[in-house]
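Working notes, structure below.
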Amino acid sequence: MSRAAVRVGVGSRFSYDGEIVEVVELASTQAGGEVVLKDGRGRLLRLAVKELLLSDRARIIPDGPGPASNDPQETAAVVLARLDAGERELVLERAAHVREVLTGFRSGSEELAAVGEPRAAYTASEPMESRYAAKAAELGVAARTVKRWAAAFRQDGEAGLVPARSGPRSGHRNAEPWSEAALEVMVEHTGQSKPSRKMVIERTRARLLARGFEEEDLPSRATAYRLLEDLERRHPTFRLSTKRNRDIAARPGGVYGKLRPTRPGEYLLMDTNRLDVFALDPVTLQWLQAELTVAMDWYTRCVCGIRITPVSTKAVDASVALYQAFRPRPAGADWPAHAVWPEHGIPRSVLVEARALEGPMRSAASPALVPETVLVDHGKVFVSEHLTSVCRRLGISVQPARLRTGRDKGPLERFFLTLREDLLQGLPGYKGPDLHSRGERPEGEAFFFLHELEAIIREWVACVYHVRPHTSLIDPGVPGLRMSPAAMFEHGLNRAGYIEVPRDPDLALEFLRVERRKIQHYGIDLDARRYNGAALDPYRGLLSGERDGKWPIAVNPDDINAVYFRDPADRRWHALGWEHAPGRDMPVSEEALQFARRLAAARDRFPDDKAAVRDLFERWNLGLGTSLVERRMALRLAREQAALYLPEPEKSVAALPSVRRLMELTDAAEPQLATEAGPEPGDDDVVEDAELVELEDDSDFYTDALEDA
């Protein structure tokens, strides 16, 4: 029997730093054993025995045969692990027979002898050939088989008695070249439509024939189908959808890597996803598709920003979602206590006594964080100049994900799936993730308005998602413990010892677009609109210190009722009200005003903004949307405008969300749901492309629809 041990003494050879050395002396010192080595050039080297045996620089060279880690056969653990219960019983029974042949006892030891052992045919006085013959006759096998079992048992123990496994599923001699050619065909169809198995087999056959194979050398059709089933595990082509097959084919070939956040706020994931549920337009009373923009802290999985937009998402919407991480939205009045966060985001367990604080305490719907890095995809709204400039100004790094690699934002993609499975599919108007999953008329069930759908999602995130344990939120020091996002936030705070919070609430205005205008004695002119406020008094008629003499003005394109001016003296922001804003019951966007001017120009030769906006509000208050362009503007106005928490304009009434105006209406008008919705224009559409003739063509249809209401 070969042994794994090798004696180390004088004459033993080692490979040390790539050179062959030989032990010429052993010495014992107070520090331990030492050896003297001599290399091929006669140089001597003194080393500790510990260094020689344990260092990666040295490796012993055996002087005889024996087991090695790179032997071609499988280890005993691998071989025995393949066996099921029946096969294991067979191997143990065979090992008992072999031990009886070799020692006379089935246990292999005289101390553990069973009753009647050793039997006469297997006593020590009997020759080995006689024992082999007796066991072969007992088991009904050849004596040569028993000898082979005994040799395998001496070599590998019980593992040597395991029956040899059969070869591949197909024993065809050309199975390997056929599989390689078939795999080439399957890889070529990664970006194409899904092929059939028959077509892959035929193309593989044609390629092998062109390479010199004969027809009789190729596997049969049944064998080819079995080989394709094995190849399906290596390169999925037939079972899954083509989109899923492309995702699998795009997996990296090496070791998977990912970012590993170590504290809250280190990485913030942002993405936009189209919701799988129809919502209702509060102006035109027609169903529409909505998009959800989410900002999620990677370490805690806390959702820090939510923004629902009709039709498509703009850069300002992504900025609003990012701003909510700085300044969270207020919690609902009827939310349970466990769903409410303190405004600054610190868990309740580390708060001081509430009575010791000065002033009232407010509650927030999510934690407040200043992200260090924002991980986004390559969508226009996320890599736009607007968002990147804001992040650069606030010291936030923007890390784009890899193209068409959703796993780079895996936690956020999983959130969208959880939202659909746990919430959206239980709501009326659910349309499924694709056309194959859609019901007969899902839009006929829709009755949630945009703001109601956003409120439902916010409440579900706060009351369910943030307090439910996640399988991916674990502490390596406590195996088996699964934490919720809220608990993970507290864990991250205790681990890091700090969180980063906004230093100034007025940073909201950093997310707005900036226009440069001169300050006149009557205020500021911006796109034929006049704004004024007391903050302009010290600067009326004066030029700024810039070359053009103009002053920077922050503009919210979704609400032109006010713009915002920073006083250069104290660097504080002030709201300037639009002269036509007082008395309006809903915000007005820039594109809505432009469209109103065109509507007024079609009737009046010299229209003004006040009359144009009045006519537009009159049309919208009647629930009319006479064109796709007008409907798009109505959808934009249906948002909840309070998402930015901007200061109110001076000498003006606060702009209320359109949903509040609509909720005050009587129930006399029932919602009229359209059976079909035409294609919605996106952010890149130009308003000037829509002709006024469109309004005349569609007006009869909407008039009839109103009469039905």
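The values are calculated or read from the model by the stated rules, or taken from the named source; none is laboratory data. This one's a predicted model, so the numbers in the text were calculated from it and none came from an experiment. Cβ sites come from the backbone with ideal geometry, for glycine too, and all protein chains shown count toward neighbours. Just so you know, the surface numbers come from the protein's heavy atoms only, side chains and all, with ligands and any DNA or RNA stripped out. Shrake-Rupley method; radii C 1.70, N 1.55, O 1.52, S 1.80 Å.
In the range 474-502, of all residues being among the aliphatic types (A, V, I, L, M), without any contact (Cβ under 8 Å) to a residue 60 or more places away in the chain and open to solvent by 30 Å² or more (accessible area, probe 1.4 Å), the one that is farthest from residue 422 (Cα to Cα) corresponds to 478.
For the range 300-318, the tally of residues that are assigned to a helix (DSSP H, G or I) and either within 25 Å of residue 488 (Cβ to Cβ) or modelled with pLDDT of 80 or more (or both) stands at 1. Can you pull out every residue in the range 289-309 that is out of contact with any Asp or Glu (no Cβ under 8 Å at 6 or more places or on another chain) and open to solvent by 10 Å² or more (accessible area, probe 1.4 Å)? Once the filter is applied, which keeps residues that are out of contact with any Asp or Glu (no Cβ under 8 Å at 6 or more places or on another chain) and open to solvent by 10 Å² or more (accessible area, probe 1.4 Å), the range 289-309 yields 291, 301. Among the residues making up the range 541-565, those that are crowded, with 17+ Cβ neighbours inside 10 Å and either among the hydroxyl-bearing types (Ser, Thr, Tyr) or not in a loop (DSSP other than H, G, I, E, B) (or both) are 551, 553, 554, 555, 562, 563, 564, 565. Can residue 348 be described as at pLDDT below 75 and not β-branched (Val, Ile, Thr)? So residue 348 fits the description; yes. Scanning the range 207-257 for residues being in contact (Cβ under 8 Å) with a residue 24 or more places away in the chain, surrounded by 15 or more Cβ atoms within 10 Å (Cβ to Cβ) and not in a helix (DSSP H, G or I) gives a total of 6. Restricted to the range 390-415, and to residues there that are at pLDDT below 80 and not in a loop (DSSP other than H, G, I, E, B), the residue that is least open to solvent (accessible area, probe 1.4 Å) is 390. Looking at residue 12, is it under 30 Å from residue 160 (Cα atoms) and hydroxyl-bearing (Ser, Thr, Tyr)? Judged against the criteria, residue 12 is not a match. Among the residues making up the range 19-59, those that are in a loop (DSSP other than H, G, I, E, B) and open to solvent by 40 Å² or more (accessible area, probe 1.4 Å) are 30, 31, 40, 41, 42, 43, 56, 57. Residues in the range 514-531 that are on the phi < 0 side of the Ramachandran plot and either more than 47 Å from the chain's Cα centre (by Cα) or among the basic types (Lys, Arg) (or both): 516, 517, 518, 519, 520, 521, 522, 529, 530. Between 53, 92, 44, the distinction of being in contact (Cβ under 8 Å) with a residue 24 or more places away in the chain and either over 52 Å from the mean Cα position of the chain (by Cα) or under 24 Å from residue 163 (Cα atoms) (or both) belongs to 92 only.
Regarding residue 87, is this residue in a loop (DSSP other than H, G, I, E, B) and of a type in the set (Asp, Glu)? No, not satisfied.
Considering the range 92-189, the qualifying helices (runs of 4 or more DSSP H), each wholly inside and each with 1 or more residues that are more than 30 Å from residue 236 (Cβ to Cβ), open to solvent by less than 50 Å² (accessible area, probe 1.4 Å) and among the polar types (S, T, N, Q), run over 128-139, 143-156. Going through (1) open to solvent by less than 30 Å² (accessible area, probe 1.4 Å); (2) part of a strand (DSSP E or B) one by one, residue 507 falls short only on (2). Scanning the range 1-41 for residues that are touching a residue at least 24 places away in the same chain (Cβ under 8 Å), farther than 30 Å from residue 151 by Cα and among the hydroxyl-bearing types (Ser, Thr, Tyr) yields 12, 15, 16. Of all residues in the range 132-158, those that are more than 14 Å from residue 100 (Cα to Cα) have Cβ atoms under 6 Å from Cβ atoms of residues that are open to solvent by 40 Å² or more (accessible area, probe 1.4 Å) and in a helix (DSSP H, G or I), 6 or more apart or on another chain, in 143/133. Every condition in (1) surrounded by fewer than 17 Cβ atoms within 10 Å (Cβ to Cβ); (2) assigned to a helix (DSSP H, G or I); (3) at pLDDT 85 or above is met by residue 471 except one, and the failing one is (2).
Of all the residues in the range 173-207, those that are among the aliphatic types (A, V, I, L, M) and touching an Asp or Glu at 6+ places or on another chain (Cβ under 8 Å) number 0.
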